[in-house]
Amino acid sequence: MTRIPSKDELVAWLEENPSATGKREIARAFGIKGAGRIELKRLLREMQDEGLIQKRGRRVGAPGALPTVTMLRALGPDSDGDIFAEPMNWEGEGDPPRILFMPRKGDPALTEGDRFLAKLRPVEGEFALNYEARLIKKIGSGPRQMLGIYRKGPDGGRVVPIEKKADKEWLIPSGAGMDARDGELVEAESTGGPRMGLPRGKITSRLGDPGAPKQVSLIALHQHGIPDAFPNDVVAEAEAARDRAKGREDLTTLDLLTIDPADARDHDDAVFAAPDDDPANPGGHVVWVAIADVAAYVRPGTKLDSEARTRGNSTYFPDRVSPMLPEKLSTDLCSLHEGVERPCLAVRMVLNAEGEKQSHRFTRGMMRSRASLSYEQARAAADGQAGAVPLGLEKVIAQLYTAYRAAATARDRRQPLDLDLPERRIELSDDGEVTAIRQRERLDAHRLIEEFMILANVAAAEELEALDRPCLYRVHEEPNAEKIDALRESVETLGLTLAKGQVLQTRHLNDLLRGARGTDAEEMVNLQVLRAQTQAYYSAENFGHFGLHLRRYAHFTSPIRRYADLLVHRALTGELSDDDVERLAETASQISQTERRSMDAERDTIDRYLAHYLAGREGASFRGRISGIARFGLFVKLDETGADGLIPIGTLGREYFHFDAEALTLTGERSGRVLGLGMRAEVRLVEATPVTGGLIFELLSADGAAPSPRGRRRGGPKRKLAKSKVAKAKATRKAKRKARG
């Protein structure tokens, strides 16, 4: 019988192995097999409840232990000139551990506020020093930066931040304003300031009229620190890049097609399908997915590679793109243009009649795209519309759809998370003005490409595991219990149920989504299920993909716009450098951060465009649904545009509203009126602030009920009312700062 270690033994082992460690590594260290792993899992859960260990995703560690690779923030030097640092995301109890930065020759200097990725080594001593840190990469620099609107004054001026969450202006002394004009968009740098009062700064860049539509994405680039222009030496390398791969397989006879949005800026994947002629696989299919061979041009150790790694991914806006690679590669050499031979890394996958993948084979090939089609063209051809695609491609499209239907059957059996959230597309004029907000139509052509890409990504992860090569996985861990409990309580108010008392699987969430389908609450439930999920990320270790219900998954299909895919290509072709392998965990952390940065920038840009679009309609009424509840007010998502706006709590009526964080409701103290998630609402647009993307609404009605009277009801307790006034005033000021910036 397997011996299970004691709690003391486990804690001691975790302290000796400070990296966050998975249950698999613990079981291996103590020789625990079979049924013993169930007992180990129970013991770890018990230790977590007792505070003896702490959990990070699927990993556990001693309380207060930091991962070996951690993001840090530099503190000011002490009296001896030593630089200490603190973890960016400290979740332990009490003060964070002390971390001493140990510079090496050639390391850049660190100043207070700098963010950097570091490798930690635990140490002990009489001064209770907890860790030593060696620099891996400097991520961001101090002093603090701000993007804002310059307001000129008699003795200098001030900068009003455009970020919604910022609540302080900066004073700009005379002579530090770079002659900025009143109302101009500027970038400022902190210069410190007095302990009391507003901080001080200086203008470092003038960016022009903040109200100009084409400034919207520029604001996002500056605000989130996303690089736009490429250094000259990187551009020069891209211009000189040549395909260095030899011995390619000739795939030019395959009728490979690219199918993308009509406004796609690049084409990095092509597909082809045909019936399998192997008699051992009756009714089966052969599916080819060919991807631009970016790894043949972007080589390890080059400036081009270093810049791509720093950027991590491309960032897309309605009017521009900040690409990971220079245009010579992203829109030319690595784009699978129609009728042009291009090097590719392709995978041939065999599916059986039920859509299950039976085998796969990767190859470096040379291909020629037969056509660059839009999703709408592919759908029209599948529907039999004459002339929708070039002559002779109708059969090619039909075979793709036949193979897709088989793959979709297998997908339905697997039951990945089946979210259905509308995606809105912003249409701009040549001058950058918003002309329309439309909902993107979700076609089978989208699902076809999506499903084939997922199959190829799974094949890539399986291939690298079979070859025993490093792999950069795409990980999505299961939601935590607290978020699922909150989701369960929230949907119960809508008359829906989420199964309790069992291991959560995607099929349980799909049952919930199906229950909401066709009801007024459908979009809201989809949104709440999405919010309950953990954030997907990149990892050198495999923790599975909960949302797709897959044991292993790696991004392979977009190396033009994702550095993760480029590394997977190198691993598949045996071209990972020693440096690539050594820094794999560090790279995973970095590009997970750049991905989140891009997502934030893209979301902020959409908010600002929506505010631009609605700015001329202040005073108009709109229908929507309550999409969020907070202590300071509630949020409403408009049906027409999908824009989210805030209703400050102080505008709801002359009574105190109780906030219930668990039920996510606001309840009137005297009227008893309850405002909760999912309620239909009619609102009036009070204020639209394009420069921040903030919208402020006034509630006209919710679920058909009129709002409470604004005056105090006769006989109401004066003391409570006075207290309510103060609370409402404070909450309203806070809410407006959040909305306006």
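Data for the structure
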read-out: Cα-based shape type of the range 383-533, given that a ≥ b ≥ c are square roots of the gyration tensor eigenvalues and the cut on a/c is 1.5; value: oblate
read-out: For the chain, accessible area per residue (1.4 Å probe, heavy atoms of protein chains only), Å²; value: 48 Å²
read-out: Radius 13 Å from Cβ of ASP430, net charge of other residues (Lys, Arg +1; Asp, Glu -1); value: -3
read-out: Accessible-area value, GLU433, 1.4 Å probe, nucleic acids and ligands omitted, Å²; value: 100 Å²
read-out: P(r), alpha carbons of the range 546-644 - 5 Å bins starting at zero, rounded %; value: 2, 9, 12, 15, 14, 9, 10, 10, 8, 6, 3, 1, 0
read-out: Label point distance in nm, LYS7-GLU482, each placed 7 Å from Cα along Cα→Cβ; value: 2.2 nm
read-out: For the chain: relative contact order, % (alpha-carbon pairs under 8 angstrom, 6 or more apart); value: 10 percent
read-out: For HIS612, solvent-accessible area (1.4 Å; no DNA, RNA or ligand), Å²; value: 40 Å²
read-out: Sparse-neighbour loop sites [trypsin sites (Lys or Arg not before Pro); the range 465-573; at most 14 other C-beta within 10 Å; DSSP]; value: LYS500, ARG517, ARG551
read-out: Within the accessible area of the chain (1.4 Å probe), percent carbon and sulfur; value: 47 percent
read-out: Trypsin sites (Lys or Arg not before Pro) restricted to the range 229-270 and DSSP loop, no more than 10 other C-beta within 10 Å; value: ARG242, LYS246
read-out: List VAL160, VAL235, ordered by accessible area with a 1.4 Å probe, largest first; value: VAL235, VAL160
read-out: Total formal charge among the other residues, if their Cβ is under 13 angstrom from that of ARG684, Lys/Arg +1 and Asp/Glu -1; value: -2
read-out: Unit Cα scatterers, Debye sum, the range 292-361: log10 I(q)/I(0) for q = 0.27 Å⁻¹; value: -1.18
read-out: Under the span-like rule (Cα at least 27 Å along the axis, Kyte-Doolittle mean at least -0.5), DSSP H helices of the chain; value: 444-467
read-out: Antiparallel bridges, percent of DSSP beta bridges restricted to the chain (to nearest 5); value: 90 percent
read-out: Solvent-accessible surface (1.4 angstrom probe) belonging to GLU307, in square angstrom, nearest 10; value: 30 Å²
read-out: Gyration tensor verdict on the chain (Cα atoms; rounded if a/c is under 1.5, prolate if a/b is larger than b/c, oblate otherwise); value: rounded
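The values are calculated or read from the model by the stated rules, or taken from the named source; none is laboratory data. These numbers were taken from a predicted model, which means no experiment stands behind them. Here Cβ is always computed from backbone atoms with ideal geometry, including for glycine, and neighbour counts include all displayed protein chains. Remember, those area values only see protein heavy atoms, side chains included, never the ligands or the DNA or RNA. Shrake-Rupley method; radii C 1.70, N 1.55, O 1.52, S 1.80 Å.
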